[in-house]
Structure formats: C-alpha cells, structure tokens
Amino acid sequence: MSILQLAILTIFAVIIGQWKKARLLGLLGTSAFVLYWLQPPQAMVNMTFWFPTATLAVTVLAWSLTASAEARSWKRNWQAALVLTGVILLVDMNRYFQIEQVFITMTPRLQWAAAAVAIVAALVLLMPLLGKFQHLYYAIAASGLVALLALIKTPSALERLIGVVSTLRGNEAMELVPLSWLGFSYVSFRLLHTILDRKAGRFPSVPLAEYVNYVIFFPSFTAGPIDRFEHFSNELNSPALLDRQGWMDAGERIFAGMFKKFVLADALAWIALNDEFARQLQTSGWMWMFLYAYSLRIFFDFSGYTDIAIGLGRLMGVRLPENFAAPYLKPNLTQFWNSWHMTLTQWFRAYYFNPLTRAIRSSKLPLPQPLIVFVAQVSTMVLIGLWHGVSASFLLWGLWHGIGLFIQNRWSDFAQTRMSALAQFGVGQSVVKYAGIFVTFNFVSLGWLFFILPTPALAWQAALKLFGIA
C-alpha cells in the first residue's frame, strides 16, 4: 500500500463515516472495489481479476451456507447483490475504459465475468436444498478452505497445479510464476470463524451486506486484525460517535501507523537481515546488528499497518481490536505471544488449542499434564508457522516457538517458588524483569532467522556466524 493509496482510502473512510442512509451498501461497494484495486499485478495477468472475484464468490457462498432462509430472502439482499455484481462487472469493463491507475486493462471478456456471477447466484439458490445434510457441508466447507489456504501457501503444489492446467490446455509446461492472492490468509480465518461457529450453533444468521462487510472490511482485510463477527457487527450497526476526540484518535493512529511503516520500517529495511546479507556478512557483531534491525523492522511494519487499519475503522465508527501491546518489552515468551498479533493467537487458542486440550483430557488414554501442554503448544505454533507458508523454514520457526513456550512454561513452574524471595525486593524485581526481557527478545530474534531466510541450511549458517563459530 502506497501513501497515495492510503490517502484515498482515508477519504473513502471519512465519506462512509458521514453517511447515514445506505451506509452498509456504501461500505460494501467500497470494500469490494478496494479488493480489486489493492490486488498486486500478477505474471498470469488475468489472476489479478480472478483472485478478488474468487474472494467475493467464496464469501457469498459461505454466507449462503451460514444464513437462515429468512436471512437469504431476495427482499433483504437484492441491493447488496446488485452492488457486488456491479463492482465485478465495472472492474471487468476497465478493458474498455483503460484507466491503468485504477485497475489493469487485461481483464477477461465481460461474458466470463457475467458467467462467474451467474454460477455463484445459482449455487446460492441451490443452498436451501442442503436440508438435513447441512452440518456435513459445514465440515466440507471448512476443510475446503483449509485445503485452499494450504495450496496457496505451498509453492511446490502451485507449481504442479500450473503444470497440470498447462498440459490440459495443450500448452507446454509453464514455469512457476509468483502468485499473490491478496488478503486471503485473513479472509479464510474470518470465513472459518463464521462456519465453525454456525456449525456449533453460535453464529447469528445475518443479511448478505453485513456478512460480506465483515469478511472484506477494507481497512483490515489485507493484514488484520482478525475481528470476531459479533464485535464487528455491534460496531458496524451502532457506530461510535465521531466527535472531536474521535477525530483526534483516528488521526493519531493513522499518522502513528504511517510513521512506523513509511519512516521507521522502510528505513530499517536498508540494514535488516536478508538472505543476501546472511551470505555476505562474516562478523558476528554485524550479524547481530542486522538481525536486530529485522526484528524492529517487522514489528514497525506490521504494527504500523495495524494502527492504520484501526484509525481508518475509527473514521467509520468501527473500533477494531488491538493487535500489538509492546511485545518486545515482555519478560517471557507467553506474554510475548499474548501481545504479538494478538487476534491471530486468540483465533488459534479458540479454535485449535482449547478444543485440542479438552479432547486430550477427556480421552480414555490418560496423559500427564506436561505432555498435554507440550503437544498443544508445539502443534499450535507449528500451525501458525505453516499459516505463513508451507515450508521447512516456517515449520522450524513454529517448532522454535512451540518448544520455547513449553520450556518457559516448565521453567516458570520451577522458578516460581525458588525466586519468590528475590522478587520481594525492588532491585530483585527489576533484575528478573529486565533479564526476562533481554532473553525473550533475543530468543524471538533468533527465531526470525527461520522466518527471513529461505532454507534451514542458510538459517543455520547465519546462527553460527552470530555466535562466531563460522
């Protein structure tokens, strides 16, 4: 996202925030358009159009699956359906307008876009026929979303899929080309949240506009935070008054986010560790400096985007949840993960960690408590790692944090009574606190080696250089 795009999005947010009538429809049309507008160019040009269209299609189908017959009524949803169809066709017609600053001109022919809309509409109309098999389709839909996300995050699988498609079309096998489905990682988690909660009987049935606005809310669909539907719906339908303090709060968050992203993070990018630096640097001092630069860069970049999203949401009367709370100043790894990308960790805690621990404890096979904690923490962090990308490096990054959390958990139980006497003194409290901050920050920084560098071998070489071994 550029500064110019951010300025335009801010104007959109201000206008929507001042609307009284048709506010939901205005937000719906804006979010759908931004979905296309921010989609990065692709080597396979038409995918720049089809990826956002697929996001809208999957979202509408998920809504139809979770909505009751009353919520699916044409009378309640024809305006939202018309807005979404209009945005899709209008974007596709840019092949005639040729306004490259808005969207690419190499879009598919209009009949293909119209056919896609017609197919989705037909599937929505067929959804009521699911009847008593609806719970089975919830499971199929959730599994399909996970499989699709895994495919997108696995370069080797994409390469094979592109080769199969090329062969079926009678072309020579194509080389792997970089594909970027903007925002789908976050969209998929919102969709999974609604489907799983609906399956459990916890999710309310809502009209199309409200559901799609939640999934593709334009301030947060690219990089979070991952809001819960109930909270978002309350904020959307009862927007916070944008008084003088509200304007100041929104402006402060947007400018703070811009400063973090475009000043601090972009400046640190010049000296942040990458694969080229990892190969060229020879001294441990420079390696540590470049690694610390990356640790700070990823924080300022990510938290900067979060501040911008929260500020834009505030302009529309929507209070998005916080996502960062000074994570690098936490004295242990558990508190770090309770402060870093908080909405993601809360999602995994609600939909994986807690159900897994309950299932293990209720099973007939008795397991010791430490083993339950180990399995739950390590598997949760491995999944979070693979969510970023299905590769050995992200797997090791997840293992690093999962094992680290388990060791910290065991150490806390061991040291709680033994260090209580030291912690009673002011100096002792400070020593324990700052030693914990130092250890936690360095542990997290070392873990970034797996995150930054493309192969475990290169990460290992960089680690040896950090400690002056290689």
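Considering SER303, SER284, SER233, the condition of being at pLDDT 95 or above, in contact with a helix residue (DSSP H, G or I) (Cβ under 9 Å, 6 or more places away or on another chain), hydroxyl-bearing (Ser, Thr, Tyr) and outside the structural domain of SER445 (by TED's automatic domain parsing) is satisfied by SER303 alone.
State yes or no: is GLY29 in contact with a Leu (Cβ under 6 Å, 6 or more places away or on another chain) and either under 27 Å from PRO204 (Cα atoms) or aliphatic (A, V, I, L, M) (or both)?
So GLY29 does not fit the description; no.
Please find, within segment 95-143, the residue that is surrounded by the fewest Cβ atoms within 10 Å (Cβ to Cβ) out of those that are modelled with pLDDT of 80 or more and among the basic types (Lys, Arg). Step by step, filter segment 95-143, then rank; the result is ARG109.
Consider only pairs whose beta carbons are under 9 Å apart and that are at least six residues apart or on different chains; among these, list those whose first residue lies in segment 447-470 and is at negative phi and whose second residue is basic (Lys, Arg). Sorted first by the residue in segment 447-470, then by its partner, the pairs are LEU458/ARG279; GLN461/ARG279; ALA462/ARG279.
For segment 195-215, a tally of residues being modelled with pLDDT under 95 and of a type in the set (S, T, N, Q) returns 1. The single condition among (1) within 26 Å of ILE16 (Cα to Cα); (2) surrounded by fewer than 15 Cβ atoms within 10 Å (Cβ to Cβ) that LEU242 does not satisfy is (2). Evaluating ARG410 against the criteria (1) of a type in the set (D, E, K, R); (2) out of contact with any helix residue (DSSP H, G or I) (no Cβ under 6 Å at 6 or more places or on another chain); (3) in contact (Cβ under 8 Å) with a residue 24 or more places away in the chain; (4) not in a helix (DSSP H, G or I) leaves one unmet condition, (4). Checking each residue in segment 245-256 for being at pLDDT 90 or above, surrounded by 13 or more Cβ atoms within 10 Å (Cβ to Cβ) and either farther than 27 Å from ARG349 by Cβ or β-branched (Val, Ile, Thr) (or both) picks out TRP247, ASP249, ALA250, GLY251, GLU252, ILE254, PHE255, ALA256. Inside segment 310-325, residues that are surrounded by fewer than 24 Cβ atoms within 10 Å (Cβ to Cβ), of a type in the set (A, V, I, L, M, F, W, C) and touching a residue at least 60 places away in the same chain (Cβ under 8 Å) make up a count of 0.
Counting only helices (runs of 4 or more DSSP H) that sit wholly inside segment 311-367, those with at least 2 residues that are under 30 Å from ALA435 (Cα atoms) are 333-337, 342-348. TRP400 satisfies every condition listed in (1) within 23 Å of ALA150 (Cβ to Cβ); (2) surrounded by fewer than 20 Cβ atoms within 10 Å (Cβ to Cβ) except (2). Just one of the listed residues (SER166, SER185, SER180) is modelled with pLDDT of 65 or more, in a helix (DSSP H, G or I) and of a type in the set (Ser, Thr, Tyr), namely SER185.
Apart from one condition, ALA326 fits all of (1) touching a helix residue (DSSP H, G or I) at 6+ places or on another chain (Cβ under 9 Å); (2) within 27 Å of TYR294 (Cβ to Cβ); the exception is (1). The criterion of at least 1 residues that are within 26 Å of TRP387 (Cβ to Cβ) and in the same structural domain as LEU38 (by TED's automatic domain parsing) is met by the following helices (runs of 4 or more DSSP H) wholly inside segment 50-158: 134-152. When you check GLN39 against the structure, is it touching a residue at least 12 places away in the same chain (Cβ under 8 Å), among the polar types (S, T, N, Q), within 27 Å of GLU235 (Cβ to Cβ) and in a loop (DSSP other than H, G, I, E, B), yes or no? Judged against the criteria, GLN39 is a match.
Could you please let me know if PHE259 is touching a residue at least 24 places away in the same chain (Cβ under 8 Å), in a helix (DSSP H, G or I) and surrounded by fewer than 19 Cβ atoms within 10 Å (Cβ to Cβ)?
yes
The values are calculated or read from the model by the stated rules, or taken from the named source; none is laboratory data. In this text the structure is predicted, and so the values were computed from the model without any measurement. Reconstructed Cβ throughout: ideal geometry from the backbone, glycine too, with neighbour counts over all protein chains shown.
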